[in-house]
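A.B. asks: First, the structure itself, so that you have it in front of you.
The values are calculated or read from the model by the stated rules, or taken from the named source; none is laboratory data. This structure is a prediction, so every number in the text was calculated from the model and none was measured. Cβ atoms come from the backbone with ideal geometry, glycine included; neighbour counts cover every protein chain shown. In case anyone asks, the SASA skips ligands and DNA or RNA and just uses the protein heavy atoms, side chains included. Shrake-Rupley method; radii C 1.70, N 1.55, O 1.52, S 1.80 Å.
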Amino acid sequence: MLDGRPILVMPDLEKLSGYEAALAKGWSPDPRRIGDTGFIEAELQDLRNDPAAYLDKLMGRHASAKPQISDTAMALTNHTFWIWDGEFCGRIDLRYLPVTWTVPDSIPGHVGYSVVPWKQGRGYATAALDALLQFAKSLGLSEIDILCNEENVISRAVIERVGGQLVRRAPHPSDRPEQQKLFFKVPLI
């Protein structure tokens, strides 16, 4: 931690045990899969069968959403970081298409994040998102799109705290058709 705030670290084999422990407690790296024990068990099995291959998969520069495979989706760049306060606290990703800085329609925004339940309520998501925005700015992005479920008031507050401006409410192809999303733009000034 730095000044009481968590930091972003690159995933590595040394810290993978914290990620594994979070999965074993029922945490999901994909907020859409919370409570999906089949998904979590499959992730744990993959991780335990071959930790190095699992880490390579995590760092494979693919988005957590399951896009329709296309040439555009294959070109997606994904920067994965772990939220860290001396132990694993969650995950945050920045994804975009090189050159255009956009995301394909099948990807739910530039940013995805998930904080483990036992570390929530401490400002970790806000600190992690703020750090990721600084990273995005250093790459040359001028604004990012972030989505959250309409009923996720906590995520909405996190996005608004870092300057997110609500631009619309609608379903998104990455989720169930009935799931309403809030679409935010965050200027990187």
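A.B. asks: From Cα pairs below 8 angstrom and at least 6 apart in sequence, can you work out the relative contact order of the chain, rounded to a whole percent?
C.D. replies: 19 percent
A.B. asks: On to the next question. Once ligands and nucleic acids are excluded and a 1.4 Å probe is used, how much of Leu147 is accessible, expressed in Å² to the nearest 10?
C.D. replies: Counting only protein heavy atoms, the figure is 30 Å².
A.B. asks: Given 0.36 nm per residue, what is the gain on full extension from Glu41 to Arg5 after removing their alpha carbon distance, in nm?
C.D. replies: Contour length minus the Cα-Cα distance gives 9.9 nm.
A.B. asks: Ok, one more. How large is ³J(HN,Hα) for each residue in region 4-15, as worked out from phi by the Karplus curve 6.51 cos²θ - 1.76 cosθ + 1.60 (θ = phi - 60°), to whole Hz, x for Gly and Pro?
C.D. replies: After applying 6.51 cos²θ - 1.76 cosθ + 1.60, I find x, 10, x, 10, 9, 10, 6, x, 8, 4, 4, 9 Hz.
A.B. asks: May I ask you to rank Ser106, Ser114, Ser138 by accessible area, largest first, using a 1.4 Å probe over the protein chains only?
C.D. replies: The most accessible residue leads, giving Ser138, Ser106, Ser114.
A.B. asks: Moving to a separate point now. Which whole-Hz ³J(HN,Hα) couplings does region 176-185 yield from phi under the Karplus relation 6.51 cos²θ - 1.76 cosθ + 1.60, θ = phi - 60°, glycine and proline marked x?
C.D. replies: 4, x, 7, 7, 7, 10, 9, 9, 10, 10
A.B. asks: How much net charge surrounds Arg32 when only other residues with a Cβ under 9 Å from its Cβ are counted (Lys, Arg +1; Asp, Glu -1)?
C.D. replies: Around Arg32, the charge tally is -1.
A.B. asks: Roughly to the nearest percent, how much of the accessible area of the chain is carbon and sulfur, given a 1.4 Å probe?
C.D. replies: Exposed carbon and sulfur together represent 53 percent of the surface.
A.B. asks: Let me ask something additional. What is the count of Lys pairs in the chain whose alpha carbons sit under 19 Å apart, if the two are 8 or more places apart or on different chains?
C.D. replies: Counting lysine pairs in the chain gives 7.
A.B. asks: Taking R0 as 22 Å, what FRET efficiency do you get between Val99 and Phe135 from their Cβ-Cβ distance, rounded to the nearest 0.05?
C.D. replies: E between Val99 and Phe135, to the nearest 0.05, is 0.75.
A.B. asks: Continuing with this model, one more query. With a point put 7 Å past each Cα toward its Cβ, work out how far Asp56 is from Glu178 in nm, to one decimal.
C.D. replies: Here the answer is 4.1 nm between the modelled labels.
A.B. asks: Just the accessible area per residue of the chain, please: how many Å² with a 1.4 Å probe?
C.D. replies: The answer is 51 Å² per residue.
A.B. asks: OK, next. Given the protein chains as shown and a 1.4 Å probe, how many square angstrom of Ile144 are accessible, to the nearest 10?
C.D. replies: 0 Å²
A.B. asks: Please report the accessible area of Arg156 (heavy atoms, 1.4 Å probe, ligands and nucleic acids excluded) in Å², nearest 10.
C.D. replies: Rounded to the nearest 10, the figure is 80 Å².
A.B. asks: Along the positive direction of the dipole of the chain (beta-carbon charges: Lys, Arg +1; Asp, Glu -1; about the Cα centre), which of Leu182, Ala131, Trp82 reaches farthest?
C.D. replies: The Cα lying farthest towards the positive end belongs to Leu182.
A.B. asks: Further question on the same structure: In square nanometres, what is one fourth of the surface area of the convex hull spanned by the alpha carbons of the chain?
C.D. replies: Answer in nm², one decimal: 10.6.
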